[in-house]
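See structure below.
The values are calculated or read from the model by the stated rules, or taken from the named source; none is laboratory data. Predicted model only: the values in this text are computed from it and were never measured. Every residue, glycine among them, receives a Cβ derived from its backbone with ideal geometry; neighbour counts consider all protein chains shown.
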Amino acid sequence: MRIDILTLFPAMIEAVLGESIIGRARAAGLVTVRAWNIRDYSEDKRHRVDDTPYGGGRGMLMAPDPIYNCYRAVLDDAPEPRRRVVCLSPRGRTFTQQIAKEYAAEAGLILLCGHYEGIDQRLLDEIVDEELSVGDYVLTGGEMPACIVADAVCRLVDGVLPLPECHEVESFEDGLLEYPQYTRPPVWHGRPVPEVLLSGHHANIAAWRREEAERLTAARRPDLLP
C-alpha cells in the first residue's frame, strides 16, 4: 500500500503518521506514506499557491497549476499502478469503515488536502476521482482528514496489526459499536468487572459481548441498526 499526500503542510502529516502503529509499519516497509509539498511545485517566485476567485467573494482559492504539477511529480515518481485520487472536502461522501476497506483493496491512494475557500473546480474535474468528508464540520485544511483516512486504511493492510482479530472485533466491523472492555484490578473504585468476564465460559462471554454491543449501538447510534 502506497499513499501519497499532496499538502501545504507536510510536517503535519509526518507528525501524525510518523508515530505509533503507522510509523512502525512505515519503518518496516509494510506501507509507504509520502507527503508532497504543493508549494515546491509553484512556478511563482514566492511559491504562491492561491489566487482570488472569479465572481468575487471572500477568501482565496487554491490555484490549479501548483497542484497539477505536484500530482504529475507523484506519477513520475511512481507511474504504476493507477491509484485513486481523493480530495478531502466537506462536499464529499462521509468516510466510513466500509470505505476504508474499499481503499485498502486499492494498489494505493493519492490524497489531496484542500485549504482556503477550496480548490479550482477545473483541477478537481481533471484529476480527482472523488471527494471525501470525515464529518459534518469544517476544519482549517485537509491535513487532519488525510491523516485519519491514511491511518484507517493502513491499519487494514496485512501485517500492520499483529493479528487479524485486532480489527475484526472493533467498532463498525460488524455494523455495531464495540462492547465495553475491562482489565485489572477486578474491582476499581468500588466498580467490579462483570462476573461473566471472570467465568472463563467463552460462549457466555461471547453472548454478553454481543448483547452489550447491540445495547450500546441502540442507545448511541441507532442509525447503524437495520
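For the stretch 141-161, a residue qualifies if it is in a helix (DSSP H, G or I) and touching a Cys at 6+ places or on another chain (Cβ under 6 Å), and the qualifying residues are Glu143, Ala146. Does Val138 count as touching a Pro at 6+ places or on another chain (Cβ under 7 Å), on the phi < 0 side of the Ramachandran plot and part of a loop (DSSP other than H, G, I, E, B)? Spelling it out, Val138 is indeed touching a Pro at 6+ places or on another chain (Cβ under 7 Å), on the phi < 0 side of the Ramachandran plot and part of a loop (DSSP other than H, G, I, E, B).
One residue stands out in the stretch 78-113 among those that are at pLDDT below 95 and of a type in the set (A, V, I, L, M): the one that is farthest from the chain's Cα centre (by Cα), namely Ala78.
Scanning the stretch 22-50 for residues that are of a type outside the set (S, T, N, Q), farther than 17 Å from Thr140 by Cβ and surrounded by 15 or more Cβ atoms within 10 Å (Cβ to Cβ) turns up Ile22, Ala25, Arg26, Leu30, Val31, Val33, Arg34, Trp36, Tyr41.
What are the pairs, 6+ residues apart or on separate chains, where a residue within the stretch 54-83 that is over 15 Å from Thr32 (Cα atoms) and among the β-branched types (Val, Ile, Thr) has its Cβ under 6 Å from a residue that is modelled with pLDDT of 95 or more and surrounded by 14 or more Cβ atoms within 10 Å (Cβ to Cβ)? Hits for this filter: Ile67/Ile38; Ile67/Leu123.
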